[in-house]
């Protein structure tokens with residue numbers, strides 16, 4: 001095992017975990033580091049593996065919510081239990097919220113729309129500035145609606161905001177939280193719904209991409225590096241997401257406005 005090589009993988013796993021769920025774009029930051037530091041690493045494979053680690057972290061973090069929603073969905077579907085009706089409706093709102101970005105994602109993938117800009121770090125800089133603008137716009141929004149007051153129109157509109165997250169460098173969590181707040185959702189309601197959308201979208205994206213891994217020849221040591229980077233991404237994702245939830249609930253999104261505006265400007269000027 002090469003310690004220096006392992007540290008490179010761990011660094012990128014840490015960056016993935018640190019940036020996956022906050023509104024700064026994990027893929028954008030990995031691309032920035034790819035341009036800043038010369039690393040002989042298969043970034044595409046590493047992104048898939050560390051994204052999987054982050055996904056597992058989110059599932060663990062929201063395991064109680066997921067269990068309650070699944071239990072209620074089938075409880076109402078087969079037993080028509082009145083106490084399960086609200087969660088049953090919420091499950092369908094998650095499906096509805098995933099449709100706009102899901103359909104657009106298929107179009108983007110099929111036509112390879114971002115092929116020429118996927119590796120363009122200047123695009124990441126511009127995207128960070130756009131994210132800063134969106135977050136600044138809703139920085140003081142509080143909203144009034146709780147989980148079971150979300151309407152089909154709210155879900156669809158938030159799903160349309162999620163389309164922004166398909167663009168290279170724009171944060172998916174940032175776009176959906178912005179969408180939730182513009183739909184009069186309370187801050188924590190917008191936060192939770194954002195991550196309820198994240199889970200099926202990320203599962204679908206990972207399932208589409210993970211098949212490519214089986215066509216590659218990867219050494220045993222490299223597999224270990226990938227596994228350790230994914231575990232680190234999972235742990236850091238869980239810790240950062242808990243912290244981010246407090247930031248959202250306390251109305252401190254201005255921190256991310258400043259960060260995205262600063263990093264975006266630096267990337268455009270110097271890279």
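Calculated [222 nm] ellipticity per residue, helices only, for the chain: -25000 deg cm²/dmol; basis is -39500 (n - 2.57) per DSSP H run with n ≥ 4, divided by all residues, nearest 500. Of the residues 245, 187, the one with the fewest other Cβ atoms within 10 Å heads the list, and the complete ranking is 245, 187. Taking Cα atoms only, the orientation of helix 172-182 departs from the longest principal axis of the chain by about 30 degrees.
Computed from Cα positions, the angle between helix 152-162 and the longest principal axis of the chain comes to roughly 10 degrees. Using a cutoff of 8 angstrom between alpha carbon atoms and counting only pairs six or more residues apart, the relative contact order for the chain works out to 35 percent. Using R0 = 45 Å, the C-beta based FRET efficiency linking residue 142 and residue 40 works out to 0.40.
I need the Debye-formula profile for segment 174-244: one equal scatterer per C-alpha, no solvent, reported as log10 I(q)/I(0) at q = 0.22, 0.24 1/Å, two decimals. Values returned for q = 0.22, 0.24 Å⁻¹ are -1.05, -1.12.
Any idea what % of Cα-Cα pairs in the chain are farther than 36 Å?
Pairs farther apart than 36 Å: 14 percent.
Rounded to the nearest 10 degrees, the angle from helix 187-210 to the longest Cα principal axis of the chain is 50 degrees. Sorting 19-26, 86-93 by average packing, meaning the other beta carbons within 10 Å per residue, from highest down gives 19-26, 86-93.
Put a dot 7 Å past the Cα of residue 115, heading toward its Cβ, do the same for residue 221, and the two dots end up 3.6 nm apart.
Values quoted throughout were computed directly from the atomic coordinates according to the rules given, and no laboratory measurement underlies them. All values derive from a computational prediction rather than experimental measurement. Every residue, glycine as well, gets a Cβ built from its backbone with ideal geometry; the counts of neighbours run over all protein chains shown.
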